[in-house]
Amino acid sequence: MPLSTQSQTEGDNYVLVASLDNVRNLSNILKAITFKDHAIFNATPNGLKVTVEDSKCLQANAFIQAEIFQEFTIREDSVGFQVNLTVLLDCLTIFGGSTVPGVATALRMCYNGYGYPLTLFLEEGGVVTVCKINTQEPEEPIDFEFCSTNVTNKVILQSESLKEAFSELDMTSEVLQITMSPSQPYFRLSTFGNSGNAHYDYPKDSDMMELFQCTKTQTNRYKMSLLKPSTKALALSCKVSVRTDSRGFLSLQYLVRNDDGQICFVEYYCCPDEEVEEE
């Protein structure tokens, strides 16, 4: 790949170098968490974690494992910075993000450490473009304290079935109500919009349900405005894990296959809007 020799003239002082033969394997997953301008990047030897947050109520994380990259070199235990995600995506798709078979944009992404810009070398058809994006000191992401030991209910669904539900539910509703229960209705999505109340139920033995682990009946409401960004990840995904903990916090974990068939994960955390009293 021509980019393998790019940037060598600037020395080998980079604390992070990540290369991809197909930039879409990064840009597509970043689009799934783009709902605010700024993103926090945290690189470890395991790969890249990108976090976007909204007013301490919603957090999205994209995980791109080191194995996804053709080259992933990190010189420190952890490298963190904050960038404007909108600007980054504009740069990553500077060649138009072609989906034509056999045509791909290659990427070499380099970071020199605190105070330095994020440098992108993008190459398509022998043409190389260099972009430098200012970085900021990363803010500390919110810890939603969502741990598996506190998970009370969990289901894993084929994404198609959740897409179908979202297409049928009334999106004028201010909230999405999620009911999870060891007994009927098992897993129910409810909206309360301009056209009245709507419910979408999943039987626990449905072909679309890959896993059903519910230990107690829980009904929680979540602001639709907070959940709407997660539909970007849903559109890309093939499976989704829906979990709630004892506080009613929601975790939506999406399994996304990239152009090369490799698996990445996007996770959304959302705090409940209000608790619903059981009748």
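Observations
- Among the residues making up the range 189-231, those that are of a type in the set (Lys, Arg) and either modelled with pLDDT of 90 or more or over 21 Å from residue 268 (Cα atoms) (or both) are 204, 216, 221, 223.
Let's see how each residue does on (1) open to solvent by less than 40 Å² (accessible area, probe 1.4 Å); (2) more than 27 Å from residue 48 (Cα to Cα); (3) in a strand (DSSP E or B); (4) hydroxyl-bearing (Ser, Thr, Tyr):
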site	(1), (2), (3), (4)
199	no, yes, yes, no
216	no, yes, no, no
226	yes, no, no, no
240	yes, no, yes, no
253	no, no, yes, no
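- Of all residues in the range 23-45 being among the polar types (S, T, N, Q) and modelled with pLDDT under 95, the one that is farthest from residue 128 (Cα to Cα): 34
- Meets criteria (more than 17 Å from residue 23 (Cβ to Cβ) and open to solvent by less than 50 Å² (accessible area, probe 1.4 Å)) for residue 59: yes
- Selection from the range 172-184 of residues that are surrounded by 13 or more Cβ atoms within 10 Å (Cβ to Cβ) and either farther than 14 Å from residue 194 by Cα or without any contact (Cβ under 8 Å) to a residue 60 or more places away in the chain (or both): 173, 176, 177, 178, 179, 180, 181, 182
- Criterion (over 14 Å from the mean Cα position of the chain (by Cα), open to solvent by 30 Å² or more (accessible area, probe 1.4 Å) and at positive phi) met by exactly one of 248, 261: 261
- Pick from the range 80-103, criterion more than 18 Å from residue 130 (Cβ to Cβ) and open to solvent by 40 Å² or more (accessible area, probe 1.4 Å), ranking: modelled with the highest pLDDT: 86
- Spans of strands (runs of 3 or more DSSP E) in the range 94-190 with at least 1 residues farther than 30 Å from residue 223 by Cα and not aromatic (Phe, Trp, Tyr): 106-111, 118-124, 127-133
The values are calculated or read from the model by the stated rules, or taken from the named source; none is laboratory data. Keep in mind it's a predicted model, so treat the numbers as computed, not measured. All Cβ positions, even for glycine, are placed from backbone atoms using ideal geometry, and neighbour counts span all protein chains on display. With ligands, DNA and RNA removed, areas are computed over all heavy atoms of the protein, side chains included. Shrake-Rupley method; radii C 1.70, N 1.55, O 1.52, S 1.80 Å.
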